Each structure stands twice: as structure tokens, then as C-alpha cells.
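One structure is given here, and the rest of the page talks about it.
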Amino acid sequence: MKQVAILGSTGSIGTQTLDVIRQHPDRFGVYMLSAGSNAALLVQQALEFKVKRVVICNPDRYRDVRDALPAEYDVRLGIEAACEWVRDAEVDVVVAAMVGFSGLRPTLAALEAGKTVALANKETLVAAGSIVMSTAARCGAHIYPVDSEHSAIFQCLLGACGNQVKKIHLTASGGPFRTWPKEKISGAGKELALKHPNWSMGAKITIDSATMMNKGFEVIEAKWLFGVDASAIHVVVHPESVIHSMVEFEDGAVIAQLGLPDMRIPIQLAMAYPERLSLEGPRLDFSKLSALTFEEPDLEKFPCLGLAFKAIEKGGNIPCAMNAANEAAVAAYLHDQIAFYDIPKTVSRVMDGVKFVENPTLEDIFSTNSEAFALAQSLW
Ligand code: NDP
Ligand code: MG
């Protein structure tokens, strides 16, 4: 029986993690739940799974959670409590499913304690990849990817038998604006950008998918997780989202992982690895698949993807600055304060404007994040 601590239990990945646990009550227990603001759902989850350690991060919601749960439930305010609880000896797996830079500190706490981390929170790797990976190595902690593409690559690599990888083909759905002309995209408001064709996800990653910043983040995520150079990562648009990514070897052979777009599959594998457990749900029906199509991404329409490659090339604290600028810009776009193409414009200007640090410490990462966030907000 594995005890799971969930960072971000009220989100899209968090609730699907609990769906998986619901299907395997004999395999997983929930040790801790943490959320940002959604007090009502957090309380409901704590009662259903009888989780006695509960963290809420929004101070305005603390009383709602405290008052709704019996006295024996330990309810704490703020992410520091989660950072403490993920270190407890009872915890086997930490599901890192918070969104954005805010997930960095508790994820590092889990890795420092040598815990297995099922990592969804890609922004931690974008902002602090070198620190996250070296902490995991130093502390003997495993990181298993939850992001569907990275789970696919991870699964494909199980067939590599230690052989060198020539190329990673990272698939992208292309998002809701794939077929739109640039002029039409430029006027698109959040209602349209939030309509992802294949996946149902949290608001921030859905906007990141519409700008293709998400794919840029995933290139950086793949670089750190699998130790490959960015030049060996090829982004290919595959609108059906059936092939979740592919790995090519020296002899030209390509191994792919296929499945329906269901995040519970990679979540469950990351929690249960090396075991594959059963999972209820629809299955891929090959007789109904009429075609699998592929095209090159359009960097003119989706400049964020190019910016991510530029950030990798510059290195140091620039990916962190890019992430912070994007976080600020996406929040502003979701509040109807800026237009769609102001997102890449903001990111580009912040990447050029922040103080460069070649080998950032964790302290540098936190100060770059604040500096870049403030710089982005000063631009509109
Ligand atoms: P959601 O927005 O649905 O959920 C985010 C979770 O984090 C919620 O539980 C939220 O709490 C909590 N949270 C947000 N801000 C804070 C904060 N400042 N402090 C503490 N908790 C906070 O996001 P997703 O589940 O979609 O995504 C989570 C992560 O996984 C992201 O990094 C995303 O890129 C990645 N990912 C997601 C995929 C998906 O299919 N959804 C696929 C691949 C990767 P509350 O709602 O209570 O405020
Ligand atoms: Mg993905």
C-alpha cells in the first residue's frame, strides 16, 4: 500500500489522481491533500478519503476548511505545511500537481527527503531544471513524469536497453488555433483559447497549449528529464493526440506510445511504476482510427515555441524568466487585460530585459522569478 501526498488536489491532475486512487483503494492511501483556494472541494476530498492532513494556501479560505472538518483533522495554512508533511516517513509518492512556479518549493522538499515524485508541475523543471535534477540525484529520489508526452517517452525508453537515443519526437495537438489564420488568432479572447480540442485541463495550461508555450515548456522538461540536447528534440504537430510521443534510435527504428487522451493513464503509471494496474475506461479502437496525421509547427503563428528554444540556448536563469513572464501574461490574458499576442510579446521583452545569471542558485531562481514577474506586469 503506497501512501500518496497530493500537491494541488483540487485541480485537473489532482482530481484525476484521486480518481485513480478511488479505483485502487487496496493499493493507495492518501496521506495529505493541499489546495489553493477551493475550500469546498478540499473538504469533500478530505472527508471521502479520510485524510487527516489538509493544507489550504489561501488565508481567506482557511476558516471555511477548519470549520467544516472534525477537530481530529489537522488543517494548516500555507505551503510550508505541505513542505513539512511531504517529508514524513510514511509518504511513498508525492504527486506534484500544483500549477506554476508555486510548486517548486514543495517539490524540492519532497526530492530532498528522497521521495518518489510523480511530476505534473512542469514549470518547476522549466524554472529550475538543473537544481531539481541535481537535488533528485543527490538525494536518491525518483521523478516519474505525469505529462503525457514525457510519460510516453519514459515508456518508449524502457525498450532502449541502454542504447543511445537519436531523436525525441514530441507530439503536439496544435491547440484550438492550429488551423486559424494569424489575424483571427490575434483577436481571440479567452473563451475561445480555453476550448482545447482534445484535453480537459486547468485554465493556465490550456492557454499555454493555445500559444504553444506548453510545447516549449515540454521541450525543456524533456531536456532535463531525459538528459538530451534540445537539438535532438523534434516537435511535431499531431492533431489526433493518439501518439503521445516517440523515440528514434541510431538504426532509424522509432518506438511510439499510443492511447486515448486520458491523463489517468500516465498519473497511475507514475504512482504505481514499475507496475501497470488495471484502469476502467474506454480503450483505443484501431478500427475507428481513420488517420494519424502530422505537420510541422508554425512558428510564425506560435512564437512562444521559438522563444522556448531561444531560452534553452541562452540558458542560466532565462528559462526561469520566460516562465515567470508567461505566468504573469497568461493571468492578465485570463483577466481580459491583454490580447493573445501580448503573451509572446511580454515573454520576449522580459527575456531580453532581466539580469542574466549563468549558473543560478535557488536564491537566484526566486529573485529572477520575482524580477521577471514584476517586469512583465510593468509592460501593460
Ligand atoms: P489546475 O489549475 O486545474 O490545478 C492547479 C492546482 O494547484 C489546484 O489544486 C490549485 O488549487 C492549486 N494551486 C494553484 N495555485 C496555488 C498556490 N499558489 N498555492 C497552492 N496551491 C495552488 O491545473 P492542472 O491540474 O491542469 O495542472 C497542474 C500542473 O500539471 C500544471 O503545472 C500543468 O502544466 C501540469 N499538467 C497538467 C495537465 C492536465 O491535463 N491538466 C497535463 C500535463 C501537465 P485551487 O484550485 O484550490 O485554487
Ligand atoms: Mg503534455
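The values are calculated or read from the model by the stated rules, or taken from the named source; none is laboratory data. Being a predicted model, the structure only gives us computed values, none of them experimental. Cβ: placed from backbone, ideal geometry, glycine included. Neighbour counts: every protein chain shown. The accessibility values were calculated without ligands, DNA or RNA, using every heavy atom of the protein model including side chains. Shrake-Rupley method; radii C 1.70, N 1.55, O 1.52, S 1.80 Å.
Here's the yes/no breakdown for (1) at pLDDT 95 or above; (2) among the β-branched types (Val, Ile, Thr); (3) part of a strand (DSSP E or B); (4) within 19 Å of residue 201 (Cα to Cα):
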position	(1), (2), (3), (4)
248	yes, no, yes, no
275	yes, no, no, no
281	no, no, no, yes
299	yes, no, no, no
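Filter region 140-161 down to the residues that are more than 15 Å from ligand 2 (Cβ to nearest atom) and not in a helix (DSSP H, G or I) and list them by number.
Once the filter is applied, which keeps residues that are more than 15 Å from ligand 2 (Cβ to nearest atom) and not in a helix (DSSP H, G or I), region 140-161 yields 140, 141, 142, 143, 158, 159, 160, 161.
If a residue must be without any contact (Cβ under 8 Å) to a residue 60 or more places away in the chain and near ligand 2 (Cβ under 10 Å from one of its atoms), how many such residues does region 215-228 contain?
Looking only at that region, the number is 0.
Quick check on my filter: what residues within region 204-213 are free of Cβ contacts under 8 Å to residues at least 60 places away in the same chain and near ligand 2 (Cβ under 10 Å from one of its atoms)?
209
Please go through region 294-331 and pick out each residue that is in contact with an Asp or Glu (Cβ under 7 Å, 6 or more places away or on another chain), closer than 20 Å to residue 363 by Cβ and surrounded by 19 or more Cβ atoms within 10 Å (Cβ to Cβ).
Within region 294-331, 317, 323 qualify.
Here is a list: 177, 154. Which entry is at pLDDT 95 or above, open to solvent by less than 10 Å² (accessible area, probe 1.4 Å) and more than 10 Å from ligand 1 (Cβ to nearest atom)?
Among 177, 154, only 177 is at pLDDT 95 or above, open to solvent by less than 10 Å² (accessible area, probe 1.4 Å) and more than 10 Å from ligand 1 (Cβ to nearest atom).
Take the residues in region 224-252 that are within 22 Å of residue 163 (Cα to Cα) and polar (S, T, N, Q); name whichever of them is most open to solvent (accessible area, probe 1.4 Å).
231
When the residues of region 183-202 are filtered to those that are of a type in the set (A, V, I, L, M) and within 16 Å of ligand 1 (Cβ to nearest atom), which remaining residue is least open to solvent (accessible area, probe 1.4 Å)?
In the first step, residues of region 183-202 are kept if they are of a type in the set (A, V, I, L, M); the result is 185, 188, 192-194, 201.
Then drop every residue that is not within 16 Å of ligand 1 (Cβ to nearest atom), which leaves 193-194, 201.
Numbers: 193: 0, 194: 70, 201: 52 Å².
My answer is 193.
Would you mind finding the one in 117, 126 that is farther than 27 Å from residue 314 by Cα, touching a residue at least 12 places away in the same chain (Cβ under 8 Å) and within 13 Å of ligand 1 (Cβ to nearest atom)?
117
Pick from region 203-213 the residues that are open to solvent by 10 Å² or more (accessible area, probe 1.4 Å) and within 18 Å of residue 244 (Cβ to Cβ): which of them is farthest from ligand 1 (Cβ to nearest atom)?
Going through region 203-213, the residues open to solvent by 10 Å² or more (accessible area, probe 1.4 Å) turn out to be 203-205, 209.
Now narrow it down to the ones that are within 18 Å of residue 244 (Cβ to Cβ): 205, 209.
Details: 205: 4, 209: 9 Å.
Once the filter is applied, the top-ranked residue is 209.
Scan region 220-230 residue by residue and report those that are in a helix (DSSP H, G or I) and more than 14 Å from ligand 1 (Cβ to nearest atom).
223, 224, 226, 230 - these are the residues of region 220-230 that are in a helix (DSSP H, G or I) and more than 14 Å from ligand 1 (Cβ to nearest atom).
In this structure, is residue 303 touching a helix residue (DSSP H, G or I) at 6+ places or on another chain (Cβ under 8 Å) and at negative phi?
Yes.
Give me a count of the residues in region 255-285 that are more than 23 Å from the chain's Cα centre (by Cα) and either surrounded by 14 or more Cβ atoms within 10 Å (Cβ to Cβ) or closer than 25 Å to residue 166 by Cα (or both).
Summing the residues that are more than 23 Å from the chain's Cα centre (by Cα) and either surrounded by 14 or more Cβ atoms within 10 Å (Cβ to Cβ) or closer than 25 Å to residue 166 by Cα (or both) in region 255-285 gives 1.
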